[in-house]
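Here, each number is a calculation from the coordinates, and none is a lab measurement. All values reported here derive from a predicted model rather than from experimental measurement. We place every Cβ from the backbone using ideal geometry, glycine too, and count neighbours over all the protein chains shown.
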Ligand code: GLN
């Protein structure tokens, strides 16, 4: 069986929830989950998750700790990445907010907080290609306002809510706050399929 390390950007947001979901989804895969805060943490990982939280804060901390460009480069060269909510904003090309420079891993334009404030957060039923229906939480979620048509694999009504292209997976919602592991399983399949290991350089 393959041994793999998946990193989770560990400054702020729902880090522990992702750790739990990844561990549960990876139970039979010899998976190790590692928080990423410093350049040396990237060495040896085969996938990375950027969690939900506050994208302006996570962006600032990624830069303060000197790992924004490293992660961007690794993802551009094939490191599988899953960005949820704030994480999606960070891996998109256009964020519509000068305080958050998107990495451009997904060719997408997003709008932050597009459904309104915290009290406008909601549970929504989405349709996902090859999975089917899921009910998931949208928390001060962004909207995807432009994306490559062939990258859209999940919708809430007509709105795209999941993008997948190459080694990147981006979601406007929070699968880690549900018991449903199917999105994390999809990501671990991508990690296994890609067979990439970061040298952290
Ligand atoms: N509104 C947040 C942001 O723009 C994202 C919300 C979330 O990750 N739950 O950073």
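Can you work out the FRET efficiency for the pair residue 130 and residue 179, with r the C-beta to C-beta distance and R0 = 25 Å, to the nearest 0.05? The calculated FRET efficiency here is 0.80. Extension gain, residue 199 to residue 119: 0.36 nm times the residue separation minus the Cα-Cα distance gives 24.5 nm. Calculation over all alpha carbon pairs of segment 83-186 in 10 angstrom steps from 0 returns a P(r) of 16, 53, 29, 2 percent.
Each residue, residue 16 and residue 40, gets one label point 7 Å from its Cα in the Cβ direction; the gap between the two is 2.6 nm.
Considering helices alone, the calculated mean residue ellipticity of the chain at 222 nm is -7000 deg cm²/dmol, with DSSP H runs of length four and up weighted by -39500 (n - 2.57) and normalised per residue.
Computed over the Cα atoms of the chain, pair by distinct pair, the Kirkwood hydrodynamic radius stands at 16.4 angstrom. Using the Cβ-Cβ distance between residue 69 and residue 3 with R0 set to 25 Å, the FRET efficiency works out to roughly 0.35. With the cut-off at under 17 Å, measuring from each backbone N in segment 38-55 to a point 7 Å along the Cα-to-Cβ line of residue 192 picks out 46-48. Taking only the C-alpha atoms of segment 1-112, Rg followed by Dmax gives 13.4, 44 Å.
Beta-bridge orientation, the chain: approximately 55 percent antiparallel, per DSSP, counting only bridges with both partners inside. Taking Cα pairs under 8 Å and at least six residues apart, what relative contact order does segment 1-84 come out at, in percent? Relative contact order of segment 1-84: 36 percent. A crude spin-label estimate for the pair residue 93 and residue 23, with each label 7 Å from Cα along the Cβ direction, gives 3.9 nm. Model label sites at residue 158 and residue 145, defined 7 Å from Cα along the beta-carbon direction, differ in position by 1.7 nm.
The distance linking segment 68-123 with segment 1-45 is 19 Å (Cα centroid to Cα centroid, whole angstrom).
Over the chain, Cα pairs under 8 Å with separation of 6+ residues give a relative contact order of 23 percent. When only Cα pairs under 8 Å and 6 or more residues apart are kept, what is the percent relative contact order across segment 69-163? Averaging sequence separation for qualifying contacts and normalising by length gives 21 percent for segment 69-163. Here the average projected area of the convex hull drawn through the C-alpha atoms of segment 75-129 stands at 4.9 nm².
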